[in-house]
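Asks: Input: one structure, supplied below.
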Amino acid sequence: MVADEPGVLYDEVPYPGRPFDQTHPDRLATLGRLYGLRSAAPSRCRLLELGCGDGGNLLPMACTLPASQFVGVDVSQRAVAAARARTEELGIDNVRFEESSLADFAPEPGSFDFVIAHGVYSWVDEPVRDALMAVSARALAEQGVAYVSYNTLPGGRLRDILRDILRSHVDPTDAPQRQLASAREMLAVLQAAWAYDTELHTLGSLAAKMLDDSDALLFHDTLAPVNARLHFEQFTEHAAGHGLQFLAEANFWEMQVGWLPHELRDGVLATDDRLRREQLLDQLRMRTFRQTLLCHASNALDDTPPLDRLATLAVSAQAQASAAQPDGRVTFTGANGSNLTTDHGVVIAALERVIAAWPAILPIAELWPSDALAEDRQIVCEALLRCYSAALASVHAEPAAFGTSAATHPRVTAMARLQAREGALVANLRHDAVTLDDPARALVMLLDGTRDRAALLAGLADAVEGPVARSELALWLERSLTQLAQSALLLAS
Ligand SMILES: C[S@@+](CC[C@H](N)C(=O)[O-])C[C@H]1O[C@@H](n2cnc3c(N)ncnc32)[C@H](O)[C@@H]1O
C-alpha cells in the first residue's frame, strides 16, 4: 500500500531534478526589468525554491552564481537528503535545503528577490496550494519576482479524460511499479483503439505521448492523487487574494500574438486588458500548462516593454545569417525556424556580432558604434525585441562570457562533473539541460581544469575505448571540446 502522505510518494518514486532555465534568476530579472521592476542582479540575489526536490534546479544555479544565496524547501526526506549530500560533495556554502512542508515554512517577510515553485502548485491539495501563494507573497521583496507553474484549462481537459480512464484502471493500493505497468498497458490499448478514429485520434496521439513519459512524470503528473487544472483568470484571482499581480509569462514568446491571423489580432485580441488577452490566448492555443511570473500588486507595471529598456540589458542568439541579397537584405533564422529579414546595416552588424559570439551574452548597449544615431539604436532595439518575441534571440539581465575549446586546461563546473558521473543529463552555464553520450560524459568528468591535452588523452584512453578508436582520439577530443564550448559547458578561463 502506498501511503498518501505528502512527500511519501516522492520518496517511493523519486522525481529526478534538472535545470529549468525559465526559473533562473536571469530570466526572472530580465522580465521584471522589462516590465518596470528594479529587479535584483542575478549574480547577487536571494532565491527561494518551494518543492525543490533533489536540488537538480538549485544546485547548478548555486555553483554558477557564487555571490547569490539559495534556499530550497521540500517535504520529501529522500529528496532533501540527496540535495544535501550533493551540496556537501560540491563543497559550496551558498545553498541550504530544508525538509519541511511549505505550509509550515515561514520565511522572513521580504527576504527573497526571487521565489520559484516549478511543478508543485497543481499537484498539492488546496490548503497547500494556498500556502504556496501565501509563502511566495510573504517571502518576496518589494521588487521581487515569483515564478509559479501550473496546469491550465481549457487545454488540460483532454489530459483529464486520459487521467480519469487511467486512474479508474489502476489500483492505487498497488506498488508504484505495478501501477505504472497497468497505466502503460491501458495507454497502449487506447492508442491502438483511437489511432484511426477521425474524432479521437488527437486523444490517441496524447496517449502515445504519455506512453513515452518517464516513470516519474507518468506517476507524479498523470496518476497523481491531486492534479488541479484551472483557468488563468482563476490563478490570477488567487494571486490577487495574496496581494500579487501578473507580471509576464516566463517565456516571452508565449505572450505574443504575431502567429495569429490579422482578423483575430485586430479583433478579439485587440484588448488593452492584458489578463483578458492571456485568457483568450489559452483558449486559442488550448494551453495545458503555464509558467507565470508574479510580483507585488503595489508595483506599477508597463503593458509592453519600452524599447529603451532593452539598451540596459544583454542578448544572445543561436541563429544563422544568410548571405546578403543583391538588395542588401539578410535573413536571420533561429534554431526554432523563426526568422527576421532586414536591410538595415546597423541591425545586420549587431545581429552578426551576437550570433558569432554564441553562446556568450553581450550587452545590448555595446552592439552599436559609440557615435550611433539615437534612431539607429532604437531600430536595433526594435529588431531585438522582435527576435525575442519569436524566440530567435534571448534577452538577459547580465552579460556572460564562456570558455572556448582553445583553453589549454578546459574546465566545467563541479556540478557538471557530478552530473556526468550520475547520468546523461548535465546543466550548462546557461542553465539548460544538455544530454551527453557516454564518451562525452567520460570527457566532462575529466574537465576539472588540471588537465592539458596530453593528460586528457591519457585519461580518456581507457574510458572511451570502443566507441572511439585510439588512433582518432586526439581528433575526437578537439571536436568534443568544440561541441562542449558551443553547448555553453566550458567555463571562461
Ligand atoms: C513534481 S515534483 C517537482 C520537483 C521540482 N520542482 C521539479 O520540477 O523538478 C513536486 C515536488 O514538490 C514536493 N512537495 C509536495 N508537497 C509538498 C509540500 N507540502 N511542501 C513542500 N514540498 C512539497 C515533492 O516532494 C516534490 O519534490
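The values are calculated or read from the model by the stated rules, or taken from the named source; none is laboratory data. This one's a predicted model, so the numbers in the text were calculated from it and none came from an experiment. Reconstructed Cβ throughout: ideal geometry from the backbone, glycine too, with neighbour counts over all protein chains shown.
Asks: Restricting to region 109-155, name every residue that is among the small types (Gly, Ala, Ser) and within 12 Å of the ligand (Cβ to nearest atom).
Replies: Ala117, Gly119, Ser122, Ala131, Ser149
A quick yes/no check of all residues on (1) at pLDDT below 95; (2) within 23 Å of the chain's Cα centre (by Cα); (3) under 26 Å from Leu31 (Cα atoms):
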{"site": "Asp302", "(1), (2), (3)": "no, no, yes"}
{"site": "Leu310", "(1), (2), (3)": "no, yes, yes"}
{"site": "Val315", "(1), (2), (3)": "no, yes, yes"}
{"site": "Pro326", "(1), (2), (3)": "yes, no, no"}
{"site": "Ser338", "(1), (2), (3)": "yes, yes, yes"}
{"site": "Val347", "(1), (2), (3)": "no, no, yes"}
{"site": "Val354", "(1), (2), (3)": "no, yes, yes"}
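Rundown of residues vs (1) buried (at least 16 other Cβ atoms within 10 Å of the Cβ); (2) of a type in the set (A, V, I, L, M), yes/no style:
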site	(1), (2)
Gly119	yes, no
Ala141	yes, yes
Arg178	no, no
Ala181	no, yes
Met186	yes, yes
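Conditions (1) free of Cβ contacts under 8 Å to residues at least 12 places away in the same chain; (2) surrounded by fewer than 19 Cβ atoms within 10 Å (Cβ to Cβ); (3) under 28 Å from Arg138 (Cβ atoms), marked per residue:
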| position | (1), (2), (3) |
| --- | --- |
| Leu247 | no, no, yes |
| Asp273 | yes, yes, no |
| Arg277 | no, yes, no |
| Ala297 | no, yes, yes |
| Gln318 | no, yes, no |
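Asks: Follow-up. Which residue pairs have Cβ atoms under 6 Å apart, sit 6 or more places apart or on different chains, and have a first residue in region 117-131 that is assigned by TED's automatic domain parsing to the domain that holds Phe235 and a second that is in a loop (DSSP other than H, G, I, E, B) and within 6 Å of the ligand (Cβ to nearest atom)?
Replies: Sorted first by the residue in region 117-131, then by its partner, the pairs are Ala117/Gly51; Val120/Gly51.
Asks: While we're on this one: Residue check: is Val426 under 25 Å from Arg18 (Cβ atoms) and either surrounded by fewer than 18 Cβ atoms within 10 Å (Cβ to Cβ) or not small (Gly, Ala, Ser) (or both)?
Replies: Considered against the rule, which asks whether it is under 25 Å from Arg18 (Cβ atoms) and either surrounded by fewer than 18 Cβ atoms within 10 Å (Cβ to Cβ) or not small (Gly, Ala, Ser) (or both), Val426 comes out as yes.
Asks: Count, please, the residues in region 429-452 that happen to be within 18 Å of His409 (Cα to Cα) and not in a helix (DSSP H, G or I).
Replies: 7
Asks: For Ser370, are the conditions met, namely being under 27 Å from Ala401 (Cβ atoms), surrounded by fewer than 17 Cβ atoms within 10 Å (Cβ to Cβ) and either modelled with pLDDT under 95 or in contact with a Lys or Arg (Cβ under 8 Å, 6 or more places away or on another chain) (or both)?
Replies: Here the answer is yes, as Ser370 does meet what is asked.
Asks: Pull out all pairs, ordered by first then second residue, where Cβ-Cβ is under 7 Å, the residues are six or more apart or on different chains, the first lies in region 424-451 and is at positive phi, and the second is not aromatic (Phe, Trp, Tyr).
Replies: Listed by first residue and then by second, the contacts come to His431/Pro19; His431/Asp21; His431/His24; His431/Pro60; His431/Met61; Gly449/His409; Gly449/Arg411.
Asks: Read through the list (1) under 30 Å from Leu206 (Cα atoms); (2) surrounded by fewer than 19 Cβ atoms within 10 Å (Cβ to Cβ), then give the number of the only condition that Ala134 fails.
Replies: For Ala134, the failing item is (1).
Asks: I'd like the residue in region 71-107 that is assigned to a strand (DSSP E or B) and near the ligand (Cβ under 8 Å from one of its atoms) and, out of all such residues, is surrounded by the most Cβ atoms within 10 Å (Cβ to Cβ).
Replies: It comes out as Asp74.
Asks: Something else now. For region 23-39, indicate whether the set of residues that are under 16 Å from the mean Cα position of the chain (by Cα), within 9 Å of the ligand (Cβ to nearest atom) and buried (at least 18 other Cβ atoms within 10 Å of the Cβ) is non-empty.
Replies: Within region 23-39, one or more residues are under 16 Å from the mean Cα position of the chain (by Cα), within 9 Å of the ligand (Cβ to nearest atom) and buried (at least 18 other Cβ atoms within 10 Å of the Cβ).
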